[in-house]
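Comments concern the structure below.
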Amino acid sequence: MLTDSSTGIDKYSFLISIDSENLLRGWSVKTGSTTFSYKIAMKKRITAAAADETGKKHLAIGNCAGEVQILNLMSGGVLYTLPTCQAEVTSLKFVSGSKASIFLSYLCSD
């Protein structure tokens, strides 16, 4: 089992959900119970989300207005706000192998 020593959470044992009111929940796959939750401060409806490849540090979120933010996955704190793409964000993906500490690819609808 791979466990993050700072949070004690096994990165393969939880699932993330975000509801229509931007409430994020981390669910235990083993027990089905909520292990953590917080309200995401983004004002518009979230339309895309992606966790980084470690599954324990960063969460990218995009919304219907084209805004993209990178959050601390466990606390929900905003780490970065990316340039707005002026259309709904439809896909987010962290790209591995980049020399940058965080490299994110995102698509917006026309």
So if I check each of LYS44, LYS57, which one is crowded, with 17+ Cβ neighbours inside 10 Å and of a type outside the set (Gly, Ala, Ser)?
LYS57
Identify the residue in the stretch 32-41 that is in a loop (DSSP other than H, G, I, E, B) and touching a residue at least 24 places away in the same chain (Cβ under 8 Å) and, among all such residues, is surrounded by the most Cβ atoms within 10 Å (Cβ to Cβ).
ILE40
Is it true that TYR80 is in a strand (DSSP E or B), farther than 20 Å from SER17 by Cβ, hydroxyl-bearing (Ser, Thr, Tyr) and at pLDDT 90 or above?
yes
Being more than 14 Å from MET74 (Cα to Cα), modelled with pLDDT of 90 or more and of a type in the set (D, E, K, R) is the filter here; which residues of the stretch 34-52 pass it?
LYS44, ARG45
Does VAL29 fit the bill of being touching a Phe, Trp or Tyr at 6+ places or on another chain (Cβ under 8 Å), within 27 Å of THR84 (Cβ to Cβ) and either loosely packed, with under 13 Cβ neighbours inside 10 Å or at pLDDT 90 or above (or both)?
no
Could you check how many residues of the stretch 58-77 are under 22 Å from SER20 (Cβ atoms), in a loop (DSSP other than H, G, I, E, B) and of a type in the set (A, V, I, L, M, F, W, C)?
3
Residue pairs, Cβ under 7 Å, 6 or more apart or interchain, first in the stretch 63-88 and loosely packed, with under 13 Cβ neighbours inside 10 Å, second of a type outside the set (Gly, Ala, Ser) and modelled with pLDDT of 90 or more. List them.
ASN72/LEU79; GLY77/LEU71; TYR80/GLN69; TYR80/ILE70; THR81/GLN69
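The values are calculated or read from the model by the stated rules, or taken from the named source; none is laboratory data. What you see is a predicted model; the values in this text were computed from it and never measured. Because the Cβ atoms are built from the backbone with ideal geometry, glycine has one as well, and the counts that use them run over all protein chains shown.
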